1. So what are the ³J(HN,Hα) numbers for the stretch 39-48, from phi and the Karplus equation (6.51, -1.76, 1.60; θ = phi - 60°), rounded to whole Hz, Gly and Pro as x?
2. Which whole-Hz couplings ³J(HN,Hα) result when phi for each residue of the stretch 117-127 is put into the Karplus expression 6.51 cos²θ - 1.76 cosθ + 1.60, θ = phi - 60°, listed in order with x for Gly and Pro?
3. Apply the Karplus curve 6.51 cos²θ - 1.76 cosθ + 1.60, θ = phi - 60°, to the phi angles in the stretch 468-481 and return the couplings in whole Hz, x for Gly and Pro.
4. So I have (i) 43.8, 162; (ii) 25.1, 82; (iii) 29.4, 102, and one of them is Rg and Dmax of the Cα atoms in Å calculated from this model. Which one is it?
5. For the pair His443 and Phe120, how long in nm is the line joining their label points, each one 7 Å along Cα→Cβ?
6. Which order, highest average first, do 451-458, 483-490 follow once you tally other Cβ atoms within 10 Å for each residue and take the mean per peptide?
7. Which lysines, if any, have their Cα less than 19 Å from the Cα of Lys220, not counting same-chain residues under 8 positions apart?
8. Tell me, in nm to one decimal, what length is gained between Glu42 and Thr332 on full extension, where the rule is 0.36 nm per residue of separation less the Cα-Cα distance?
Amino acid sequence: MKHIDQLEVWFVTGSQYLYGEEALAQVAINSQKIAAYFDSQESIPVRVVFKPVMTSPEAIRSLCREANNAENCIGLVLWMHTFSPAKMWIAGLKSLTKPILHLHTQFNKALPWATIDMDFMNLNQAAHGDREFGFITARLGLPRKVVAGYWEDAETVAGIASWSRAAAGWHESQNLKVASFDDKMREVAVTEGDKVEAQSQFGYSVNGYGIGDLVESINKFSDADADKLVQVYRDTYTLTKKHDRPDVLREAARIELGLRAFLEEGDFGAFTDNFMILHGLTQLPGIAVQRLMADGYGFGAEGDWKTAALLRIMKVMATGLKGGTSFMEDYTYDFTGTPKELSAHMLEVCPSIAAGKPSLEIHPLGIGGKSDPARLVFTTPSGPGIVASLIDMGNRFRMIVNEIDVIEPPQSLPNLPVASAVWVPRPNLKVSSTAWIYAGGAHHTSFSQALTMEHLVDFCEIAGVELIPIDGETKINDFRRLLRWEETAYSRR
């Protein structure tokens, strides 16, 4: 799996021969300075690479084809320093398969009022050129993000940073392989979906494997191999005498070793399992799944491959950001005071969202018919976050994203044997849950305290996927109208 800092976006400037070689040389110098500035910004997690100034249809088409074939190029930032007749861009843009961001800026921040002349006006006319380019992208119906503002402003950089993370997520989606161990939980509707359509829409592939394939991988590891990993558990997590059961820990470690080896050998970035179909395993994978998620793998419980893929994509997008990203499930509510939600899962919550040092514990699990599994138990730190659900609506995929505010648990949870998070959804629990249900959101989600709504808006724009936001401004009547408008819009595609 390629690391995000190996990826790059190309900074491409448009102009034309009309202005002469001297002006074009200055355009190139200015563009190189802007590209270098963006490349130096830590908030932009990928490289920003300057490309020659585009002045002809042939050069544009050639560049777009080069971008399509460049493995590390994940998108293009396009800016018209001068006027660049937009018909020049049609052939190239129609052939381009990489995402685009239209940057609307200009090199100079202030106008030289006392000396400004037509030479200056012709050279610095992005206000003119970007409108021409904006028309052709709108006319062609191209998905793109528009970022307007002076190039050194923090808000401008932040917009490019968000989009570059979304482009990295899209790049990952095009190459992602998801391993599904057997099938989904029986009779559950929302975790179903069209795998062929998903591959057509998102690029990732989902393929099934028998649990016996995993068991075979697990059985390759000896007790000595497992005991070495158990020592890592002891060194990394809090383990009290009550939960220090060497036989259980050894088997949990063996499951992790076998599962990790299977995923690495097959170059998988995400996986699912199903507690109803785990013949040959003595315990459900708990700590194994948690630690694999912490290392960047996507996961979906009960065969939920859509959430597994989404989680991996979001983890790539969140690389280097403060805060974790995890598989999550809506569980139960507290209607006292400010209504809030307690979310968790029976085992599989990623320790990247832990508020402190996780506790390694062994408890009975009243589901699945297996022996007591090992798992990491913790709570989640307070702060803003999002939860996202990807569902198959039959004629399209829909992503629902809710902004939330995570809080510390109002009281301790001494008898809850799983990791958990407590949050107040925006605008409040009543409106949020009502909207979520109207939209058809799943009970499985990808939870993140690293990413924001903007990141997923950018990703869905690139992917051509419907996004339904639930935030502090959501009102149910308006929300229901939005759903009807979206249904109409997508039924005509």
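1. 5, 7, 7, 5, 5, 8, x, 10, 6, 10
2. 3J(HN,Hα) across the stretch 117-127, in whole Hz: 9, 6, 4, 5, 4, 5, 6, 10, 10, 4, 4.
3. My calculation for the stretch 468-481 gives 10, x, 10, 9, x, 9, 5, 10, 4, 4, 5, 5, 5, 5 Hz in order.
4. Among (i) 43.8, 162; (ii) 25.1, 82; (iii) 29.4, 102, the one calculated here is (ii).
5. In this crude spin-label approximation the distance works out to 6.6 nm.
6. Numbers: 451-458: 22.2, 483-490: 12.8.
The packing order, highest mean first, is 451-458, 483-490.
7. Straight-line reach from Lys220, under 19 Å: Lys228.
8. On the way: separation 290, 0.36 × 290 = 104.40 nm, distance 3.91 nm.
Roughly 100.5 nm would be gained on extension.
FYI, it's all coordinate maths here, none of it is from the lab. None of these values were measured; they are calculated from a predicted model. All Cβ positions, glycine included, derive from the backbone under ideal geometry; neighbour counts span all protein chains shown.
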